[in-house]
Amino acid sequence: MDRGTKRPRCSPENEESTTVSESSKKDDLAKNADKLSNIFGKTGGAYIPPGRLRQMQAQITDKSSEAYQRIAWEALKKSIHGFINKVNVSNLSEVVKQLLMENIVRGRGLFVRSLLTAQSASPTFTHVFSALVAVVNSKFPKVGELVLKRLVNEFRKAFRRNQKDRCLSTARFLAHLVNQKVVHELIILELLTLLLEQTTDDSVEVAVSVLKECGAMLSRLVPKGVHGIFEHLRRILNEGQCDKRISYMLEVMFQIRRDGWKDHPVVLPELDLIQESDQITHTTSYVDQVCIQKII
């Protein structure tokens, strides 16, 4: 450009046009931010179909932006929740394959929270959820460890508050995780000892429920410990310390043991998916303070 040639100045109209354009962009960004805030909110917000989520994701080019990350997080949450809700004995293998394609490490908090909610609502599927945890744990042990810590913490809170149903639910889950060798058997023995220290009808009922679920496995691994627990239960029965309903439960429990646990197998063949060499067993003491990781 020649020195004598002057750079053309923007006219007031051009400056005003530029200002309006920038202002318009800011308004659009603010509207998008408000829209995302209204959609998701602090508790998840309105339901968005998966197809719509993918479309919204595709429209955002900056993958590091808050908008993209929030949509990706929402999509991950819905995906994990969907897999957990549809898993059963017959489709476990296929669901696990699909689940492991997700970013399960990033979404470990989502996974654990959704898992515990589903198990509490559908306790008859506890053995299926435990098998699911066993497979995930073999790939990502930190996720299995977080499940254990959350369950122990939930049981502790329920026990302190005398919430029998919640105690039953969490103890049952821990028992099945012992069967899957995700949780060490000494944790369950410690839990049973705690329940029978100061016996009530509720504590005996929870203890019997735990033994039904994992008594066969405990009898193999710690026969002396199981013998001690049953001797304690026998004293409770003989001394008439409990309600007739609980006494009947105890009599049934002794019969199950005499029959060799034939109707209470450790793990169904369809749910036995992990090779022994791939199993990772976690230990944490009930009496110790358990540090629960913050869930993002």
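Please treat every number below as a calculation from the coordinates, not as lab data. Please read all numbers here as calculations on a predicted model, not as lab measurements. Heads up, the Cβs are rebuilt from the backbone with ideal geometry, glycines too, and the neighbour counts pull from every protein chain shown.
Among MET249, MET101, which comes first, second and so on when ranked by fewest other beta-carbon atoms within 10 Å? Before the final figure, lay out the partial values.
Working: MET249 20, MET101 10.
In order of increasing Cβ crowding within 10 Å: MET101, MET249.
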Task: Net charge of Cβ neighbours under 12 Å - reference GLN163; Lys, Arg +1; Asp, Glu -1 - done: +3
Open item on the list: Taking the beta-carbon count within 10 Å as an exposure proxy, list GLU185, GLU239 from fewest neighbours to most.
Closed with: GLU239, GLU185
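Do the alpha carbons of any pairs in LYS164/LYS212; LYS139/LYS212; LYS77/LYS149; LYS97/LYS181; LYS86/LYS164; LYS77/LYS181 sit beyond 23 Å of each other, and which pairs?
Values: LYS164/LYS212 17 Å; LYS139/LYS212 29 Å; LYS77/LYS149 21 Å; LYS97/LYS181 20 Å; LYS86/LYS164 27 Å; LYS77/LYS181 27 Å.
Result: LYS139/LYS212; LYS86/LYS164; LYS77/LYS181 exceed 23 Å.
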Open item on the list: Can you sort ARG245, ARG156 from fewest to most other Cβ atoms within 10 Å of each residue's own Cβ?
Closed with: ARG245, ARG156
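For THR199, what is the net charge nearby, where nearby means another residue's Cβ is under 15 Å from its Cβ and Lys, Arg count +1, Asp, Glu -1? Let's see the in-between values first.
Numbers: positive: LYS164, ARG234, ARG235, ARG245; negative: GLU197, ASP201, ASP202, GLU205, GLU231, GLU239, ASP243.
Its environment carries a net charge of -3.
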